[in-house]
Amino acid sequence: MSTVHRCVRRASMAMLILAAVGAAACARDEWQQPDRVVADMNLRDGSVVADVGCGRGYFVARLAKAVGKTGTVWAEDVSEGALKGVKQAVEKQGLANVKVVQGEATDTHLPDGALDAALFVNVYHHVPQEHRAGLTADVARALKPGGYVFLVDWRLDAKVRWDKDCRIPKDNLIAMMAKAGLALDAEFLYLPHQVFLRFRKPAAAE
Ligand SMILES: C[S@@+](CC[C@H](N)C(=O)[O-])C[C@H]1O[C@@H](n2cnc3c(N)ncnc32)[C@H](O)[C@@H]1O
């Protein structure tokens, strides 16, 4: 094969891979409805929010837009590899209001009482059972009084092929949050495959 043919073949492969990655993101947008999820978090200019278990940062830029230049997004995960990609994307997009932080299983390394809201999307079923209560308590610590946790995770009957053996019943998620002092106060019903729950930390006087 000539050098020219080899280059054309490599370029075609690269384009195919890029197209596949782009298509996967678009397909997720359809069922994940990220803009609607973020809109329902009621973030304002200046809000402080954590994307706990942010993975490769699917929600990060949307959250950064929602909190504006005076707000802060903490993009947190235990995976160094995932955060490397997030850091690159944040720099490339010039998202000056995003702070990337690597946590540990039950310690997010987020500051005390700093968050208006924390978002978990498809995280808890990846957290080993023995670490779930510790992680939840740690996020409760990092919330302001009156702050919210938004929890999105697979429904047991989700019609997708992933994570069939580790989905968590909604009642277990609610009980787990309650143990950390976070009370269920809203449920959003429009996501086709996931539960979407809002929990609130009591305000200081409550
Ligand atoms: C399926 S990914 C979801 C990523 C992202 N939230 C999203 O919706 O695209 C689950 C993520 O949870 C992270 N994770 C697992 N255990 C964690 C923990 N104890 N604290 C923080 N993140 C954790 C994993 O590293 C992984 O990036």
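The numbers here are math on the coordinates, done by the rules we state, and not lab data. The structure presented is a predicted model; accordingly, all values stated were derived computationally and were not measured. All Cβ positions, even for glycine, are placed from backbone atoms using ideal geometry, and neighbour counts span all protein chains on display.
Worth pointing out:
- For segment 62-144, the equivalent ellipsoid derived from the alpha-carbon gyration tensor has semi-axes of 22, 16, 10 Å in decreasing order.
- Between G94, V67, N172, the Cα set farthest toward the positive side of the dipole of the chain (charges on each charged residue's Cβ, about the Cα centre) is that of G94.
- Relative contact order [Cα under 8 Å, 6+ residues apart], segment 33-200, whole percent: 18
- Solution diffusion estimate, µm²/s, Stokes-Einstein, the chain, Kirkwood Rh from C-alpha pairs, 10 °C, viscosity 1.306 mPa s: 88
- Charged neighbours of D107, selected by a Cβ distance under 10 Å, balance to -1 (K, R count +1; D, E count -1).
- Additional length obtainable on full extension of the chain from Q88 to D165, 0.36 nm per residue less Cα span: 24.4 nm
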